[in-house]
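Working notes for the structure below.
Computed from the coordinates by the stated procedures, all read-outs in this text should not be read as laboratory data. Small disclaimer: the values here were computed from a predicted structure and weren't measured. Cβ sites come from the backbone with ideal geometry, for glycine too, and all protein chains shown count toward neighbours.
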Amino acid sequence: MTFDTVIHGGTVVTADGLFKGDLGIRDGRIAAVCETLQGGARRIDAGGRLVMPGGIETHAHIAQESSSGVMSADDYLSGSISAAFGGNSSFIPFAAQHRGQSVDEVIATYDARGSRSVIDYSYHLIISDPTETVLREELPRAFARGITSFKVFMTYDLMNLGDGGMLDILSVARAHGAITMVHAENNDMVSWMNGRLAAKGLTAPRYHAISRPELAEEEAINRAIQLAKLVDAPLFIVHVSTAGGAEIVRREQWNGAKLYAETCPHYLALTRDDLDRPGMEGAKFMCSPPLRDAATQEALWKHIRMGTFVGVHSDHAPYRYDETGKFLNGADAPYPKIANGMPGIAARLPYLFSEGVVKGRITPEQFVALSATNTAKVFGCTTKGRIAPGWDADIAIWDPEETRTVRLADQHDNMDYTPFEGMALTGVPKLVMTRGQVIVEEDKLVAREGQGRFFGRAPADLRATSGYMAKEFDPRQNFGTELR
Ligand SMILES: [Zn+2]
């Protein structure tokens, strides 16, 4: 057997276990996994290192306009390079439909943007305007192209769909096997809090955290789940930031809902005290849902360990600390006029490895599940996220012992700050490849622009999820059969 590349002498980590072994790569795919392999046009020595599936980042805002028209600082070139330096070999950013836009045109726009990526990419659609044409024609067309996840918002005046709009999307998604992702915060609770704070003149960044209460997330998570259960549609709750929200997710998973959720490193690493930094610096730490507190961090770690979350994803939403980003509406804008979001696509996996694996909160196998394998199943990445013969050679080789301090100067995104500045993290991705082609090696970019490819996805893998049947839709009940 001949190989293009053999990775030898490393410890291979999969979601199921860990073993000493070699990988043989041919034509961009893993061709052999064996105790020892000879040959290979190139041999990569992985002695003392971990050989893992490359991360799949499934929550990132890249070359995306917000509903208020602010463009994220990273395009598909800088965003994908930053992702690769952080151990990712593919990603699934959002393609956002704003009100009045055609989904077909949105996808064409993102196809042009995505063509610069150095790693493989796909999109989740964001739907803010579910017209009849969108529901009956454009979503099915997107689905046929392999865009099998649709995100909706329960908050933001220009994005939120209302419960009826959510049911429309959920039932269309279910009919096609797509999964609906939801940003769950109660819009009226947030608007009401904004009104109270504005009336008292409380507009500094720190009030952003107060304006979006934990209860607003918990209420909306619960409501989203009940809406999804009514039509038995699979649901993915993005960026869970509260202990109460995670507990609701866990309980409903136990009850059979086809329910998945993620949390993000910033909810584990930072707290709302970071919004109290002097001057306007708190703006760097503004995101929605907002940062919480230390007790929440501990609760979220427990849920990561127990499997409530299928993944920990970055929610990379890069808005610079200047007039192009955070301060588009002026240097001392009130918090509701400051762009929401922070960068983190490069820090996600080093943070999860260091605080998770190195500190003994999760196993290396769980790290692989949380960074790639689970997500690949939920979002239908049928050739990525595993180390096994026939799968894409999307690999990250890590030095598990090297410690580095996060510094802005070492970042590869287009940002002028990192919220993880100064944190010492142990575990460094030293080599990342996508389909057998090396993208990053020993801190150097070796890929060329546009090397990544779009990948279509399959429906979510819902095997062994029992689902939920509302009595009103249940043919075994003596009512409601008309709806089936
Ligand atoms: Zn997001």
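For residue 329, which of the numbered conditions (1) more than 16 Å from the ligand (Cβ to nearest atom); (2) within 21 Å of the chain's Cα centre (by Cα); (3) free of Cβ contacts under 8 Å to residues at least 60 places away in the same chain fails to hold?
For residue 329, the failing item is (2).
If a residue counts only when it is closer than 29 Å to residue 34 by Cβ and among the hydrophobic types (A, V, I, L, M, F, W, C), which helices (runs of 4 or more DSSP H) contained entirely in the range 340-459 have at least 2 such residues?
By residue number, 364-368.
Would you be able to tell me the number of residues in the range 275-304 that are among the charged types (D, E, K, R), crowded, with 18+ Cβ neighbours inside 10 Å and more than 19 Å from residue 337 (Cα to Cα)? Walk me through how you get there before you give the answer.
Here is the first cut: in the range 275-304, the residues among the charged types (D, E, K, R) are 276-277, 281, 284, 292-293, 298, 302.
Then keep just the ones that are crowded, with 18+ Cβ neighbours inside 10 Å; that gives 284, 292.
Still in the list and also more than 19 Å from residue 337 (Cα to Cα): 292.
Within the range 275-304, residues that are among the charged types (D, E, K, R), crowded, with 18+ Cβ neighbours inside 10 Å and more than 19 Å from residue 337 (Cα to Cα) number 1.
Sort out which residues of the range 213-237 are closer than 20 Å to residue 190 by Cβ, buried (at least 21 other Cβ atoms within 10 Å of the Cβ) and within 21 Å of the chain's Cα centre (by Cα), and write them in order of number.
Answer for the range 213-237, where residues must be closer than 20 Å to residue 190 by Cβ, buried (at least 21 other Cβ atoms within 10 Å of the Cβ) and within 21 Å of the chain's Cα centre (by Cα): 217, 218, 220, 221, 224, 225, 237.
Out of everything in the range 368-417 that is of a type in the set (Phe, Trp, Tyr) and out of contact with any helix residue (DSSP H, G or I) (no Cβ under 6 Å at 6 or more places or on another chain), what residue ends up being surrounded by the fewest Cβ atoms within 10 Å (Cβ to Cβ)? Reasoning before the result, please.
Narrowing the range 368-417 to residues of a type in the set (Phe, Trp, Tyr): 379, 391, 398, 417.
From the residues that got through so far, the ones that are out of contact with any helix residue (DSSP H, G or I) (no Cβ under 6 Å at 6 or more places or on another chain) too are 379, 391, 398.
Numbers: 379: 27, 391: 18, 398: 27.
The selected residue is 391.
For residue 452, all conditions in the list (1) surrounded by 24 or more Cβ atoms within 10 Å (Cβ to Cβ); (2) more than 27 Å from residue 266 (Cβ to Cβ) hold save one; what is the number of the exception?
The one condition residue 452 does not meet is (2).
Of the conditions (1) within 16 Å of the ligand (Cβ to nearest atom); (2) surrounded by fewer than 24 Cβ atoms within 10 Å (Cβ to Cβ); (3) touching a residue at least 60 places away in the same chain (Cβ under 8 Å), residue 74 clears all except one; give me its number.
(2) is the only condition that residue 74 fails.
Restricting the range 340-367 to residues that are surrounded by 24 or more Cβ atoms within 10 Å (Cβ to Cβ) and among the small types (Gly, Ala, Ser), which is farthest from the ligand (Cβ to nearest atom)?
The extreme case among them is 356.
Regarding the range 164-185, can at least one residue be identified that is assigned to a loop (DSSP other than H, G, I, E, B), away from the ligand (no atom under 16 Å from the Cβ) and closer than 29 Å to residue 330 by Cβ?
First, pick out the residues of the range 164-185 that are assigned to a loop (DSSP other than H, G, I, E, B): 177-178, 184-185.
Filter again for away from the ligand (no atom under 16 Å from the Cβ), leaving 177-178.
From what's left, closer than 29 Å to residue 330 by Cβ: none.
So far as the range 164-185 goes, no, none of its residues is assigned to a loop (DSSP other than H, G, I, E, B), away from the ligand (no atom under 16 Å from the Cβ) and closer than 29 Å to residue 330 by Cβ.
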